[in-house]
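The values are calculated or read from the model by the stated rules, or taken from the named source; none is laboratory data. Quick caveat, the model's predicted, so the values are computed rather than measured. Here the Cβ positions follow ideal geometry from the backbone for every residue, glycine too, while neighbour counts run over all protein chains shown. Accessible surface areas use protein heavy atoms only, side chains included; no ligands, DNA or RNA. Shrake-Rupley method; radii C 1.70, N 1.55, O 1.52, S 1.80 Å.
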Amino acid sequence: MSGEKIKLSHIMKFFIFVVFFYSLLNFCNDASTEKKEGVKTMEIKSSAFKNGERIPKKYTCEGEDFSPPLEWSGAPAGTKSFVIIVDDPDAPIGTFNHWVIYDIPSSYSSLKENLPKTPELQDKIKQGTNDFGRIGWGGPCPPKGHGTHRYFFKLMALSVESLGLKPGARKSEVMKAVEGKVLAEAQFYGTYSR
């Protein structure tokens, strides 16, 4: 009988340990969740249209084809540059790239409307070649009658000042160059149809 009591005592101690350990893990997880919720996340937006809204005609192939104004906030400590990539995942041939702009200095928190369609801008900001085969912004231009397309503006905060790429790089080259250097990402989208 005393042997059974000893076994039962060990089982109870083990059970109490498991409950205590599980409670401790939950407490730590709750604390880390609270900490994450208090951290400011990176955000990108445009004053020309809100997330999920139709992109105004002036920023498309049916208008002036201006690049839209963009602004962002919440970049993490250690950010040394930014990259912005704009893609249309609804294109009939698959994801279609509309803009690649990289080596944006960390001192920037916005880009003005209608940037020149040149390989290099002020402060050594570089623009890549989009899927139209042109440098800089190529506005929404979905096939007529193909429905509403979404245009995702993706911002990446990087740990390096430059990707070491020449102006005119393609999206695939930029995506390869950012590997292991992305500190944070943010995105929003606009829509367009013809």
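Remarks
- For Tyr108, the criteria (1) over 24 Å from Asp90 (Cβ atoms); (2) touching a Lys or Arg at 6+ places or on another chain (Cβ under 8 Å) hold in every case but one, which is (2).
- Answer residue from region 171-194, given it is closer than 28 Å to Pro56 by Cβ and among the polar types (S, T, N, Q) and is surrounded by the fewest Cβ atoms within 10 Å (Cβ to Cβ) among those: Ser193
- So Leu165, is it touching a helix residue (DSSP H, G or I) at 6+ places or on another chain (Cβ under 7 Å) and either farther than 25 Å from Ile55 by Cα or in a helix (DSSP H, G or I) (or both): yes
- Exactly one residue out of Lys126, Lys112 is basic (Lys, Arg), over 19 Å from Gly190 (Cβ atoms) and touching a residue at least 40 places away in the same chain (Cβ under 8 Å): that is Lys126.
- Test: residue in region 118-130 that is touching a Lys or Arg at 6+ places or on another chain (Cβ under 7 Å), surrounded by fewer than 22 Cβ atoms within 10 Å (Cβ to Cβ), modelled with pLDDT of 95 or more and among the β-branched types (Val, Ile, Thr): yes
- Top-ranked residue in region 145-170 [being closer than 17 Å to Phe132 by Cβ and open to solvent by 60 Å² or more (accessible area, probe 1.4 Å); ranked as farthest from the chain's Cα centre (by Cα)]: His146
- Note on region 57-100: among residues that are among the hydroxyl-bearing types (Ser, Thr, Tyr), more than 16 Å from the chain's Cα centre (by Cα) and more than 23 Å from Glu173 (Cβ to Cβ), the one that is surrounded by the fewest Cβ atoms within 10 Å (Cβ to Cβ) is Thr60.
- Filter result for Gly145 (at pLDDT below 95 and small (Gly, Ala, Ser)): yes
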